[in-house]
Amino acid sequence: MNIWRIKTVIKKSSIHGQGRFALENCPMGSLVLIINGPVKTRKEAPKKFPITDELNIDCEDTHINHSTSNNLDLNGQIFFIANRDIKAGEELTMNYQQFASGKYLFD
């Protein structure tokens, strides 16, 4: 199970389908999310969180959409940190190209 360090809610996104939104203000530099799950091959856990081009973390979906103006940055392999102040009500976003080259996430 993923570990969220701020309160969030999943709802309709203007970016794509559903997204995850902050329910509280989150200052820049704060730890927002820890991805948690067993490491498996891409074949064993397709469409899960990539940590290399061959391995994924088999974790629950984050519902965090891609944006090149992302407000979360990957720090290490499983930690997401606020790269700027995030206001309550704002959609959380990550740049998928920050991990595993982003190669197959856009297939």
* strands (runs of 3 or more DSSP E) wholly inside segment 1-84 that include at least 3 residues being surrounded by fewer than 18 Cβ atoms within 10 Å (Cβ to Cβ) and among the polar types (S, T, N, Q) -> none
* Check whether at least one residue in segment 67-87 is modelled with pLDDT under 90 and of a type in the set (Phe, Trp, Tyr), and report yes or no. => yes
* Structure fact -> Going through (1) over 11 Å from the mean Cα position of the chain (by Cα); (2) at pLDDT 95 or above; (3) of a type outside the set (Phe, Trp, Tyr) one by one, Arg20 fails only at (1)
* Structure fact -> Of the conditions (1) under 11 Å from the mean Cα position of the chain (by Cα); (2) at negative phi; (3) of a type outside the set (S, T, N, Q), the single one that Leu55 does not satisfy is (1)
* **Near pairs, Cβ below 6 angstrom, 6+ apart or cross-chain, from segment 39-66 (touching a residue at least 12 places away in the same chain (Cβ under 8 Å)) to any residue that is of a type in the set (Ser, Thr, Tyr)** => Asn65/Ser13; Asn65/Thr93; His66/Tyr96
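The values are calculated or read from the model by the stated rules, or taken from the named source; none is laboratory data. Because the structure is predicted, anything quoted here is derived from the model rather than measured. For neighbour counting, all protein chains shown are included, and Cβ atoms are generated from backbone atoms with ideal geometry for every residue, glycine included.
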